[in-house]
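Bear in mind these aren't lab numbers, they're just calculated from the coordinates by the rules spelled out. All figures in this text were calculated on a predicted structure; none of them were measured in a lab.
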Amino acid sequence: MSQPPKPREVFIQGVTLEGRAFRPSDWAERLAGAMSCFRPGGAKGGIGAHIGYSPYCVPRVINGVKCVIVNEELKSIEPMAWDFVMNFARDNHLQVAEACLLPERSERP
C-alpha cells in the first residue's frame, strides 16, 4: 500500500524579484503571526492559545534569507488564508519557490 503524497510547501523568500532584501526586517514573523490561528483541528481558545505559529505557515531563515514556509494544506483548510499569503508575495514582488522542507538529519556516532 503506497503512502499518499506529502503536501508540498511554498517558500516565500524575503528577496524581491529585483534581488533586493524585503523590508521591514520582521516581515516573516508578522505574516506567519497573522496566520497563527490556522491549525489542525481549528483555532483553540484559552490561555496561551495565541502563542506560536501555525504549522501551515512558519517563518524560517534559510541560507541567510528570511522565508515563510506555507504548507499547501492551508489551501484546502482555508482558501482565503492561502490567497492572502500568496497575494502578499505577489503584491510585494517576492520570490516564491515550491519545495518540501526535509527534516534535520540526526548525527550518528
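Taking amide hydrogens as placed 1.01 Å from N in the peptide plane, the amide H of S36 sits under 5 Å from those of S54, each at least 5 positions away in sequence or on another chain.
Coupling constants for segment 26-34 follow from the phi torsions by the Karplus curve (6.51 cos²θ - 1.76 cosθ + 1.60, θ = phi - 60°), and in residue order they are 9, 4, 5, 5, 5, 5, 5, x, 5 Hz; glycine and proline get x.
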